[in-house]
Amino acid sequence: MTTPTTTRTSRTTNWAGNLTYSSTEVVRPTTPDELVELVRTSPRIKALGSRHSFDDVADTTGTHVVLDAYEDGRPPVEVDPATGVASIAAGLRYGDVTRHVLGAGRALANLASLPHISVAGSVATATHGSGDGVGSLASAVVGVELVTGGGEVRTLRRGDADFPGAVVALGALGVVTRLELETEATFDVRQDVHLGLPWEAITSHLDEITGSAYSVSLFTDWGPDGAQQVWRKTRLAPGEEGAPGDLFGARPAATPVHMLDGIDPVHCTPQLGEAGPWNERLPHFRLDFTPSNGEELQSEYLVPREHALAGIAALRALGPRVAPLLQVSEIRTVAGDREPLWLSPFDGPTVGFHFTWKNLPDDVAALLPDVEAALAPLGARPHWGKLSHAVAAGAAPEALARLADAYPHLADFRALAERYDPAGTFRGGFVERLLAL
């Protein structure tokens, strides 16, 4: 057996640079045997993907395992022509996966804003895109292959008893090595941006706005003017062009734009109604460019769709405190899961309130408890991979209690984690705090 590549480090940071992990080494196994041996012999180990989480959900005090050099003899992406199911190496980035899927004449139903994020990490934290009728990235999963705490390789598929707890699992059950995703026939998308949508139009016509395209994102600073930009991604048959349509008085952008004022839109996916493949339009950013506007922080709160207008009202009331700390905020919708996924926040139609903050960690940390308190009566749940008071170390007991109450299958998940990882090999960071509730 070959020896996996080991990088001993005292400083491994996440993508944003706001978090230094507690791990003492990073190991890159190249074969299944190496990975199994690592899991069997490591007292603490955790998979590390594209490091796009802003909190410590992927932290460990032991070994971080990275699968970017891992090969198991199978193609990295393989689409079954009979079923359309794509079998995918878990460490790949979504953007790389989509090129293989498109090459097979197939498509994924949805993508997140960034194509740079790893498939396994995105699914494990219930990351999502946007669309009234489109589920989260985890909703496409039909199979999970992982190495459990004892070094056993297991495959779970939709219909298996443990499957609902193994998809959005925060890395608590093992190292995911492969995922199977549903695909559909390929399609094109045109992207149109409208400018200057007032709050009165949003609050009076929210359902019509979010239903006006396959995917809709509203960008706002929570000031008095409403949404500064609305990005609409319209699904088309291959070769179809479509038309942008009106949007309650908001004006179509005459040139490509970035959602942040003054930033070159070269990083963004094509706009102005230029139709193209789904994988080059559904994300906000191009795979070939680094999208970050320097260091930033992110939070997101997911609220049942029926409380969308109440959520908007609550955040508008906080606008004078929120706006000075913001780069931009985004409002998106997500369809409910087709079947229960125990730690998914999308058990029904949902609206997401996303915040891209300036790199002011103390100020943001001071504000988040008030944001959460305002949204708590509406059933808000924080994104597992982004900053929130409830997920943070040292969270107030009432914040943790609300989080536990929001997931009725948390006890089932805890029991599942104890079966798959009885020695606590994959615990650490927020996962350890969650399983202690």
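Rounded to whole Å, the principal axis extents of the Cα atoms in region 255-409 read 47, 39, 28, largest first.
Placing one equal scatterer on every Cα of region 283-345 and applying the Debye formula, the log10 ratio I(q)/I(0) at q = 0.23, 0.28, 0.29 Å⁻¹ is -1.12, -1.26, -1.30. Coordinate range of the alpha-carbon atoms in region 231-287 per principal axis, descending: 34, 32, 14 Å.
Here, the chain has an Rg and a Dmax of 20.9, 65 Å when only alpha carbons are counted. The distance linking region 344-405 with region 170-188 is 26 Å (Cα centroid to Cα centroid, whole angstrom). Cross-link reach is defined here as a Cα-Cα straight distance under 23 Å, omitting same-chain residues fewer than 8 places apart; for Lys46 the lysines meeting it are Lys386. Straight-line cross-link partners of Lys233 among the aspartates and glutamates, defined as a Cα under 18 Å from its Cα and at least 8 positions apart when in the same chain: Asp132, Glu184, Asp188, Asp192, Asp207, Glu208, Glu241, Asp246, Glu274, Glu280, Glu330. Helical content alone sets the calculated 222 nm signal of the chain at -6500 deg cm²/dmol, taking -39,500 (n - 2.57) per DSSP H segment of four or more residues and averaging over every residue. Report the local net charge at Pro252: Lys and Arg +1, Asp and Glu -1, summed over other residues whose C-beta lies under 11 Å from its C-beta. With Lys, Arg at +1 and Asp, Glu at -1, the net is 0. Put simply, the Cα atoms of region 103-252 extend 59, 38, 26 Å along their principal axes, the longest span coming first. Taking the fewest neighbouring Cβ atoms within 10 Å as the starting point, the ordered list for Asp96, Asp362 is Asp362, Asp96. Charged side chains reduced to their Cβ positions (Lys and Arg at +1, Asp and Glu at -1) give region 234-286 a dipole of some 100 debye around its Cα centre. With neighbour counts taken as other beta-carbon atoms within 10 Å, the residues Thr41, Thr155 rank, fewest first, as Thr41, Thr155. P(r) tail, region 10-131: Cα-Cα pairs separated by more than 24 Å, 33% of all pairs.
None of the figures in this text is laboratory data; all of them are computed from the coordinates on show. Being a predicted model, the structure only gives us computed values, none of them experimental. Counting neighbours? That spans all protein chains shown, and the Cβs are built from the backbone with ideal geometry, glycine included.
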